[in-house]
Every structure is written in structure tokens, then in C-alpha cells.
Amino acid sequence: MQQLEKQISWCLKKGSERKRHRGLKPINPNADLANAHLKKAEHNFKAMASFQKTGFSDWSVSASFYCLYHCLLGILAKHGYESRNQVCTFAVVEELINKRKVVNLFLEDLKDIADLDVSEQMESSDIISIREDFQYSTKMAL
């Protein structure tokens with residue numbers, strides 16, 4: 001079994017463990033939920049712009065990550081998944097891209113959100129690394 005398939009299998013197992021799971025759970029494909037995630041993404045985009053404009057770039061970084069992340073959750077909802085784990089979200093979206101079930105998003109785009117190569121994460125400039133740097137450091141501006 002390939003690494004991606006192992007990751008998704010682990011995520012599905014975590015998703016079946018209890019009612020409030022911490023993994024990936026199959027659901028009926030849900031366009032309403034997908035659209036709700038896109039509305040949340042728009043909300044986070046507005047927050048990002050507002051934070052940037054008012055001098056809170058450290059918070060705009062987090063808002064930009066969650067803007068992109070809710071877009072990915074929308075993709076999952078459309079394809080019949082609920083995720084409560086970022087690693088699981090990225091794994092399923094990568095699989096959907098590989099299987100050409102998502103055609104307007106490419107692995108390069110996904111890598112801009114999350115570095116998919118674990119060996120290079122320490123030197124990464126993906127949005128997760130930038131968000132974590134701002135969230136856990138004393139930096140307040142880009």
C-alpha cells in the first residue's frame with residue numbers, strides 16, 4: 001500500500017473511533033456543506049484583508065490559512081468526506097487531484113498551502129509553516 005493510501009486508511013480509522021472524531025469520516029456528498037465552507041472561506045478572506053489593513057499581519061497569516069483550508073474542506077464535502085484533521089484533509093485532496101476528480105487544483109497549489117514533503121518541512125515556505133511561525137513566535141508583521 002502506498003504512503004498516501006496508508007495515510008488515508010489511518011485517517012478513516014481515526015474518523016470511525018468515536019462520535020467526535022479526529023480524522024476523516026465518509027459522508028454523503030453534500031453541496032450545501034461545500035458551499036457553507038466556501039462562505040466561511042470568504043469570511044476568513046475578509047478578515048485577512050482587514051487584519052492586514054489595520055496592521056495585524058500576524059493574524060492575517062492565520063486568516064489566510066483558514067481561508068484556503070475551508071476551500072479544501074468544501075472540496076471534501078462535495079466528494080463525500082468530513083475532516084477534522086489537517087493531515088487527513090491534505091491527503092484526501094491530494095488523492096482527489098491524483099485521480100483527476102479535482103481538475104482545477106494542482107499538487108503545486110496544494111503544496112503552497114501545506115508542504116507535502118515531510119523531509120523538507122523544516123525549510124518550507126508553505127502557508128502552514130508561515131502560520132505556525134507567526135502563531136508561535138513574537139513576530140507581528142510580515
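Checking Cβ-Cβ separations below 4.7 Å across the chain identifies C67, C71 as cysteines lacking any candidate disulfide partner. Across the range 13-93, the relative contact order, built from alpha-carbon pairs under 8 Å that are at least six residues apart, equals 40 percent. A simple spin-label model places pseudo-atoms 7 Å from Cα toward Cβ; at V103 and K13 they are separated by 3.6 nm. Principal-axis analysis of the Cα atoms of the chain puts helix 86-98 at an angle of about 60° to the longest axis. Each Lys and Arg Cβ is given +1 and each Asp and Glu Cβ -1; about its Cα centre, the chain then shows a dipole of about 860 debye. Only DSSP H runs of four or more residues enter the estimate; each adds -39500 (n - 2.57), and after division by the residues of the chain the mean residue ellipticity at 222 nm equals -20000 deg cm²/dmol. What is the calculated FRET efficiency for E132 to K39, with r their C-beta to C-beta distance and R₀ = 25 Å, to the nearest 0.05? In this case the efficiency is close to 0.45. Here the mean projected area of the convex hull built on the C-alpha positions of the chain is 9.4 nm². A Förster radius of 25 Å combined with the Cβ-Cβ distance from L4 to A31 puts the calculated FRET efficiency at roughly 0.45. Within straight-line reach of K46, meaning a Cα separation under 30 Å, sit the following lysines at least 8 residues removed in sequence or on another chain: K25, K78, K101, K111, K139. Would you mind telling me which residue in V93, V61, V102 has the biggest mean-square fluctuation in a Gaussian network model of the chain, where springs connect alpha carbons within a distance under 10 angstrom? For the chain, modelled as a Gaussian network with Cα springs under 10 Å, the answer is V102. Converting phi to 3J(HN,Hα) with the Karplus coefficients 6.51, -1.76 and 1.60 and the offset θ = phi - 60°, the range 3-11 yields 4, 4, 5, 4, 4, 5, 4, 4, 4 Hz in sequence order, with x at every glycine or proline.
No value in this document is a laboratory result; all are computed from the given coordinates. Remember, it's a predicted structure, so these values are computed and weren't measured experimentally. All Cβ positions, even for glycine, are placed from backbone atoms using ideal geometry, and neighbour counts span all protein chains on display.
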